[in-house]
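Enquirer: Can you keep this structure in mind? I'll have questions shortly.
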Amino acid sequence: MKVLNLGSLNIDRVYSVEHFARKGETIASTKLEINGGGKGLNQSVALARAGAEVYHAGAIGSDGTFLQTLFESAGVHTEYLQMSKAQTGHAVIQLTPEGQNCIIISSGANDEIQEEYIDEVLKHFSPGDFLLLQNETSNVAYAMRRAKEKGMRIVFNASPVDERMKTYPLELVDYFLINEMEGCILADCEEISQSKYGEIIETVFLKFPHACIVMTVGSDGVIYRDIHKKASHDGYPVKVEDTTAAGDTFCGFFLAGVIQGLSVEECLETATRASAIAVSRKGAAVSIPDWKEVSRLLTTR
Ligand code: RIB
């Protein structure tokens, strides 16, 4: 079973700051690091490090060829990557000493994904294969429809959440991977608090009763709902260095677990551990552990 990740690739410019810049304020960063990132890229790296056969489709400009090298060393298949005349997408990330971030993205080549390209790539996949999507590329709705027509399973990480998403054929999605904020928007709820998590996931589930809903809730862990089952897993207490790509690591390991035939509980466990490792390190793709490291942690618990 193969995974096609039609996803974003970004160059992350990470500025270490004492606090996030406030309205009208100019602040100096104490350090600048340039890393490979993008929700799509991070999720493909996590999938590959978790042992899945993952093909990444997406677009980069000539300034982003190091992202292809990064994929190759992680074991991600890159034959469907597209070179674009546009600049590679990039992200401006402010990172505080507490490891919290605040991100601005500029789509660049991620917005150059056209319908013809999607059709071409999908030819290489079969019924039962997975299509993984996030909300950082163009033509997401088209990809969902065409992949479903082929009998592929759709996994949607509804991030970053925006108005476009309401126009997507979300009834075609088999797995939603969301955080509490994205869940709140999908559920049309008014406020987010710990006491509302159960209500939020239930409302999302009632809207999409054929899907599996996986909702991460920051350091509180994750909750899960499908037609047969409700499950949850607590977060692991770790010293937070950088939360960037924690959700992406979770997505990659969760989906890899599904493909390996693990139970829902095992998928939640490995994905929670993998993302705990990722937040204990700096950077996006570079912070993602591999299966060996996660399983070492599983056996020493
Ligand atoms: O999820 C983290 C990612 O979001 C970063 O790597 C950044 O590129 C943005 O897409």
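Enquirer: Taking only Cα atoms and a 10 Å spring cutoff, compute GNM fluctuations for the chain and point out the largest among 228, 124, 56.
Expert: 228
Enquirer: Let me ask something additional. Among bridges DSSP assigns within the chain, what percent are antiparallel (round to 5)? Can you show the working numbers first?
Expert: Numbers: 21 of 51 bridges.
Here the antiparallel bridges make up roughly 40 percent for the chain.
Enquirer: Hey, what's the chain come to in accessible area per residue, 1.4 Å probe, Å²?
Expert: Value for the chain: 44 Å² per residue.
Enquirer: Going from most exposed to least, what order do 84, 62 have by accessible area with a 1.4 Å probe? Numbers along the way, then the final one.
Expert: Details: 84 25, 62 100 Å².
Correct descending sequence by accessible area is 62, 84.
Enquirer: So if R0 is 41 Å, what FRET efficiency would residue 171 and residue 73 give, r being the distance between their Cβ atoms, rounded to the nearest 0.05?
Expert: E between residue 171 and residue 73, to the nearest 0.05, is 0.60.
Enquirer: Find the centroid of the Cα atoms in the range 204-266 and in the range 128-157, then give the distance between the two in whole Å.
Expert: A separation of 19 Å, based on Cα centres.
Enquirer: Kirkwood-based Rg over Rh for the chain (C-alpha set), two decimals?
Expert: 0.94
Enquirer: For the chain, which whole percent of the accessible surface, found with a 1.4 angstrom probe, sits on carbon and sulfur atoms?
Expert: Looking at the chain in its full context, I get 51 percent from C and S.
Enquirer: For a quick check, take a GNM of the chain with Cα springs below 10 Å and name the residue from 110, 101, 157 with the largest mean-square fluctuation.
Expert: 101
Enquirer: Continuing with this model, one more query. Once you keep just the Cα pairs under 8 angstrom separated by 6 or more residues, what percentage relative contact order results for the chain?
Expert: About 17 percent, as a whole number.
Enquirer: Related question: Longer than 30 Å from Cα to Cα, which of 123/282; 39/85; 207/239; 39/229 are they? Say none if no pair is.
Expert: Check vs 30 Å cut-off fails for 123/282; 207/239.
Enquirer: For n ≥ 4 DSSP H runs only, could you compute -39500 (n - 2.57) per run for the chain, divide by its residues and tell me the 222 nm figure to the nearest 500?
Expert: Calculated mean residue ellipticity at 222 nm is -9500 deg cm²/dmol.
Enquirer: For the range 21-117, run through the GluC sites (Glu not before Pro) and keep only the ones in DSSP coil with at most 12 other Cβ atoms within 10 Å of their Cβ.
Expert: Passing both the DSSP loop test and the Cβ count: 25, 79, 98.
Enquirer: Next up: For the range 47-63, what does the Karplus curve 6.51 cos²θ - 1.76 cosθ + 1.60, with θ = phi - 60°, yield as ³J(HN,Hα) per residue in whole Hz, taken in order and with x for Gly and Pro?
Expert: After applying 6.51 cos²θ - 1.76 cosθ + 1.60, I find 4, 5, 5, 8, x, 8, 8, 10, 10, 9, 10, x, 10, 10, x, 5, 7 Hz.
Enquirer: To the nearest 10 square angstrom, what accessible area does residue 76 show with a 1.4 Å probe?
Expert: 10 Å²
Enquirer: Mind checking the range 115-162 for trypsin sites (Lys or Arg not before Pro) that DSSP puts in a loop (not H, G, I, E or B) and that have at most 13 other Cβ atoms within 10 Å?
Expert: For trypsin sites (Lys or Arg not before Pro) across the range 115-162 that sit outside H, G, I, E and B with at most 13 neighbouring Cβ atoms in 10 Å, the list reads 123.
The values are calculated or read from the model by the stated rules, or taken from the named source; none is laboratory data. Note that the structure is predicted; figures quoted are calculated from it, not measured. Counting neighbours? That spans all protein chains shown, and the Cβs are built from the backbone with ideal geometry, glycine included. For the accessible areas, the whole protein counts, side chains as well, though only heavy atoms, and no ligand, DNA or RNA atoms are used. Shrake-Rupley method; radii C 1.70, N 1.55, O 1.52, S 1.80 Å.
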